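Asker: Attaching a single structure in structure tokens format; questions to follow.
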Amino acid sequence: MAQPFLKIPLLDLEAQHRPIRDEVLGAVTRVIDSQKFILGEEVATFEREIADYCGAPFAIGCASGTDALSLALMAAGIKAGDQVLTTAYSFFASAGAIAQIGAVPVFADVDPVTFNLDPERVSEVLESMPGVRAIIVVHLFGGCADMDPLLALADDHALILIEDAAQAIGAEYKGRRAGSIGHVGCFSFYPSKNLGAWGDGGLLTTRDTHTAERLRALRNHGSTSKYVHQWAGLNSRLDALQAAVLRVKLRHLDDWTQSRQKHAERYRALLAQSTATLPCPSNFQTRHVYNQFVIRSGKRDALRDYLAAHGVGTEIYYPLPLHLQPCFQHLAYGTGDFPVSEALSRETLALPVYPELPEQDIAYVASLVHTFCSGSGEHGGTDSRSTCGVS
């Protein structure tokens, strides 16, 4: 007879919603009663609150994180045919936004510990491709990229540096919040994010007054006053209902982040005891917010199957690196061009880390990972030190 096992989802949004249900419904009712659904004071208030949270003078709401990236590129004056450098290992939007406005994605490889752009690899690409006009730096999985050398490269080459902080709200680099370091920061409020809306939503941050004014116009068809359009912008406005939901959730975000951090530490402790290697965040990542908790395994797919067979939800972020995506075949990249990104695509697996995850569930997941990696799991495995490093 099969042994009973727990059912542990990768993410449980119902568990998040239950304790704040009345707060959120009250905020939504306030907007419904006002009958003011597009932009307005609800959005403006949220923008002020999130700007303060991120340590940036200006915040501009928009319809999605992908639109935030597109708007940032448009505000920077990036045009069709311009080259924009970004990571080969990220969600598609990081490169997709570049292609969507007609610019050309240029890729660089990532650091094997942080999974973020490797400044040395970026420097090599910039030396060989002097036409690059901007860099999109992704703070992947809730940990910041090494920004100081990347900022220095941007300054040396006169480039715009855009932070894709879609997975990193509240994360810090040497004490500075994600989205407050580069020229423009871009955020997503997709429901699975640490700060998630009840649908799509996004936001941009900047320190520059002129850029903020241009972004506000570009999100609203490029209009600076009614029926006057300085630029051909987007229809990408954050609606008031989403802003109301996000204002409630923002009040709880630090508590949720603290829970994610405690869960990560618990995983590290349990997996360390079980001989799995456990590299910690880099010293410059002074606040990691764990949008995902990602392990690496040389037998990733078998490990995922093993966990699924024992009731544990996981996800692969990301099974195909960006330079090998079918839509970018015309860029003439090939297998082997970015070996770290390609290895991560073969080996990474995200474990449950959501704030409400019970401690006994963490222990259960960790015991399964250890069992598999020690070679005694249902599907076998190899020594955990060589196949199951945790990041």
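Asker: Looking at segment 249-272, can you tell me whether even one residue there is in a loop (DSSP other than H, G, I, E, B) and of a type in the set (A, V, I, L, M, F, W, C)?
Answerer: Within segment 249-272 (the criterion being in a loop (DSSP other than H, G, I, E, B) and of a type in the set (A, V, I, L, M, F, W, C)), the answer is no, since none of the residues qualifies.
Asker: Those residues that are at negative phi and outside any helix (DSSP H, G or I), I need them from segment 65-82; list them, please.
Answerer: 76, 78, 79, 80, 82
Asker: Out of everything in segment 166-195 that is among the aliphatic types (A, V, I, L, M) and more than 13 Å from residue 136 (Cβ to Cβ), what residue ends up being surrounded by the fewest Cβ atoms within 10 Å (Cβ to Cβ)?
Answerer: My answer is 195.
Asker: Further, regarding this structure: For segment 334-369, how many residues are hydrophobic (A, V, I, L, M, F, W, C) and farther than 14 Å from residue 308 by Cα?
Answerer: Total satisfying the criteria: 8.
Asker: Answer yes or no as to whether residue 59 is farther than 22 Å from residue 335 by Cα, touching a helix residue (DSSP H, G or I) at 6+ places or on another chain (Cβ under 7 Å) and in a helix (DSSP H, G or I).
Answerer: Criteria not met by residue 59.
Asker: Just checking, how many residues over segment 292-348 are without any contact (Cβ under 8 Å) to a residue 12 or more places away in the chain and either among the β-branched types (Val, Ile, Thr) or under 23 Å from residue 371 (Cα atoms) (or both)?
Answerer: 3
Asker: Residue under question is residue 106, and the condition is that it be among the hydrophobic types (A, V, I, L, M, F, W, C), modelled with pLDDT of 95 or more and part of a strand (DSSP E or B); does it hold?
Answerer: Yes.
Asker: Another question, if that's okay. Might you let me know whether segment 151-165 holds any residue that is surrounded by 18 or more Cβ atoms within 10 Å (Cβ to Cβ), touching a residue at least 60 places away in the same chain (Cβ under 8 Å) and either touching a Ser or Thr at 6+ places or on another chain (Cβ under 7 Å) or at positive phi (or both)?
Answerer: Taking every residue of segment 151-165 in turn, at least one turns out to be surrounded by 18 or more Cβ atoms within 10 Å (Cβ to Cβ), touching a residue at least 60 places away in the same chain (Cβ under 8 Å) and either touching a Ser or Thr at 6+ places or on another chain (Cβ under 7 Å) or at positive phi (or both).
Asker: Residues 269, 276, 264: which one is aliphatic (A, V, I, L, M) and at pLDDT 95 or above? Explain how you work it out, then say what you get.
Answerer: On the way: 269 fails: at pLDDT 95 or above; 276 fails: at pLDDT 95 or above.
The conditions single out 264.
Asker: Further question: Out of 126, 85, report the one residue that is part of a strand (DSSP E or B) and closer than 24 Å to residue 206 by Cβ.
Answerer: The unique qualifying residue is 85.
Asker: Pairs needed: first member in segment 110-136, of a type in the set (Ser, Thr, Tyr); second member anywhere, in a loop (DSSP other than H, G, I, E, B); C-beta distance under 6 Å; at least 6 residues apart or different chains.
Answerer: Every condition considered, the pairs that remain are 114/143; 114/282.
The values are calculated or read from the model by the stated rules, or taken from the named source; none is laboratory data. Since the model is a prediction, treat every value here as computed from it, not as a measurement. Here Cβ is always computed from backbone atoms with ideal geometry, including for glycine, and neighbour counts include all displayed protein chains.
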